[in-house]
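Worksheet: one structure, shown below.
The values are calculated or read from the model by the stated rules, or taken from the named source; none is laboratory data. This structure is a prediction, so every number in the text was calculated from the model and none was measured. Note that we place each Cβ from the backbone using ideal geometry, even for glycine, and neighbour counts take in every protein chain shown.
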Amino acid sequence: MSHLDDLLDGEPVSRPSPGGETAARQRRQIIVITVAALALFVVVRLLPTGTNLSHMDFRVEGKGALEFCDPANPQFIPVVQVRSPVVLALKPAGEPALNRPMEFTLTMATASGKPIAPEDLLVSNTRKLHLLVVDPTLDDYQHIHPEPGRRPGEWVFTLTPGRPGLYRVFADFTPAATARGLYSVAEFTVPGTVAKVTRSPNTTWQVGGFNFELVVPPEFHARQPADLRLRIVSQGAVRVPVPLQTVMGAFAHLVAFDETRSGFAHLHPNETDLAKPPDALAPELTFKVTIPQPGRYVIWAQVNLGGTEVFAPFWVDVIP
């Protein structure tokens, strides 16, 4: 029956207006889009992420808890004096001895006991886990990169101690769940008498046929950002090119320890563009750091010269 017939029969018929149909269609579209978005969210949440750990697994509440660290603001971290959300256990294959290679197994777990495996960590400076190892005299500093062990949470590495005494092993890593740098510490002992040494500040060091110089502020103040400058030149009257190559994704690394080894600062140069190497005859790299407490510190420089990793220590005084 036509609309005209309806009118002739005297029975009015109500028909939806064009505006009403448009509104209803828009409501249906919104419902469909919302349902699809919710379904996609659920699917993404169910997809494997590579790690069973969450952000909360790396939080420790209360006073003295270690906070996540900002790589854009490098500073000294008192790892020993604070509580880390990551617990380390270190087991040597035998009794450590001077100048003898020894295999160690490092176990990493959260404070609640969950193992921390390779899939739980992000790559930082070309590696997932960095160990900064130092002896009581601070003369034997080694930078180690462990490999995953047989069980989840186990990491293995080989180290040759060069001094007797209690070694501290600082772990530097970035959990995938937080994408922020985090630290923890473990220890092992090498039998023998620890030498008592007196340090004097030094800004130069000679190693591998090259002169290293660390330029620090004339007054290196605690709790204030400080600019550091590392310079390298060849020894001898005639300069030859410095075969500087990258190490762990940078032209150099600096690691600072205090005399009590309460923590460390791991520094990277401001010159981050690897396509623009520094001057070959006299490479110079700049760093920034904040030291919270006054005292005497050793700053180890680590560089790659022609495929050989070279270390140079500098002792500096930080004043109040």
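When you scan segment 166-236 for strands (runs of 3 or more DSSP E) that lie fully inside it, which ones turn up with 1 or more residues that are more than 30 Å from Ala109 (Cα to Cα) and more than 20 Å from the chain's Cα centre (by Cα)?
204-207, 210-215, 226-234
Inside segment 219-267, can you point out the residues that are crowded, with 18+ Cβ neighbours inside 10 Å and either among the aromatic types (Phe, Trp, Tyr) or touching a Ser or Thr at 6+ places or on another chain (Cβ under 6 Å) (or both)?
Phe220, Phe251, Phe257, Phe264 - these are the residues of segment 219-267 that are crowded, with 18+ Cβ neighbours inside 10 Å and either among the aromatic types (Phe, Trp, Tyr) or touching a Ser or Thr at 6+ places or on another chain (Cβ under 6 Å) (or both).
Here are some conditions: (1) in contact with a Pro (Cβ under 8 Å, 6 or more places away or on another chain); (2) of a type outside the set (S, T, N, Q); (3) free of Cβ contacts under 8 Å to residues at least 12 places away in the same chain. Pro218 meets all but one. Which one does it not meet?
All conditions are met except number (1).
Of everything in segment 90-123 that's basic (Lys, Arg) and either part of a strand (DSSP E or B) or within 21 Å of the chain's Cα centre (by Cα) (or both), which residue is farthest from Glu187 (Cα to Cα)?
Among those residues, the one meeting the criterion is Lys114.
May I ask you to list the residues in segment 124-138 that are farther than 18 Å from Ala109 by Cα, part of a loop (DSSP other than H, G, I, E, B) and without any contact (Cβ under 8 Å) to a residue 60 or more places away in the chain?
Once the filter is applied, which keeps residues that are farther than 18 Å from Ala109 by Cα, part of a loop (DSSP other than H, G, I, E, B) and without any contact (Cβ under 8 Å) to a residue 60 or more places away in the chain, segment 124-138 yields only Asp135.
So in segment 140-165, with the set limited to residues that are within 19 Å of Thr246 (Cα to Cα) and buried (at least 16 other Cβ atoms within 10 Å of the Cβ), which one is farthest from the chain's Cα centre (by Cα)?
Gln142
Scan segment 272-285 residue by residue and report those that are in contact with an Asp or Glu (Cβ under 9 Å, 6 or more places away or on another chain) and either assigned to a loop (DSSP other than H, G, I, E, B) or exposed (fewer than 13 other Cβ atoms within 10 Å of the Cβ) (or both).
Within segment 272-285, Pro277, Pro278 meet the criteria.
Do you know which of the residues in segment 110-165 that are hydroxyl-bearing (Ser, Thr, Tyr) and in contact with a strand residue (DSSP E or B) (Cβ under 6 Å, 6 or more places away or on another chain) is farthest from Phe314 (Cα to Cα)?
That would be Thr158.
Of all residues in segment 125-139, which are crowded, with 18+ Cβ neighbours inside 10 Å and not β-branched (Val, Ile, Thr)?
Correct list: Lys128, Leu129, His130, Leu131, Leu132, Asp135, Pro136, Leu138.
Out of segment 286-307, which residues are more than 23 Å from the chain's Cα centre (by Cα) and assigned to a strand (DSSP E or B)?
Across segment 286-307, the qualifying residues are Gly295, Arg296, Leu305.
Which ones in segment 259-271 are part of a strand (DSSP E or B) and farther than 13 Å from Ala171 by Cα?
Leu267
Name every residue in segment 182-202 that is at pLDDT 95 or above, surrounded by fewer than 18 Cβ atoms within 10 Å (Cβ to Cβ) and of a type in the set (S, T, N, Q), in order of residue number.
Thr189, Thr193, Asn202
Scan (1) assigned by TED's automatic domain parsing to the domain that holds Leu131; (2) surrounded by fewer than 13 Cβ atoms within 10 Å (Cβ to Cβ); (3) in contact with a Phe, Trp or Tyr (Cβ under 8 Å, 6 or more places away or on another chain) for the single condition Ala179 breaks and write down its number.
(3)
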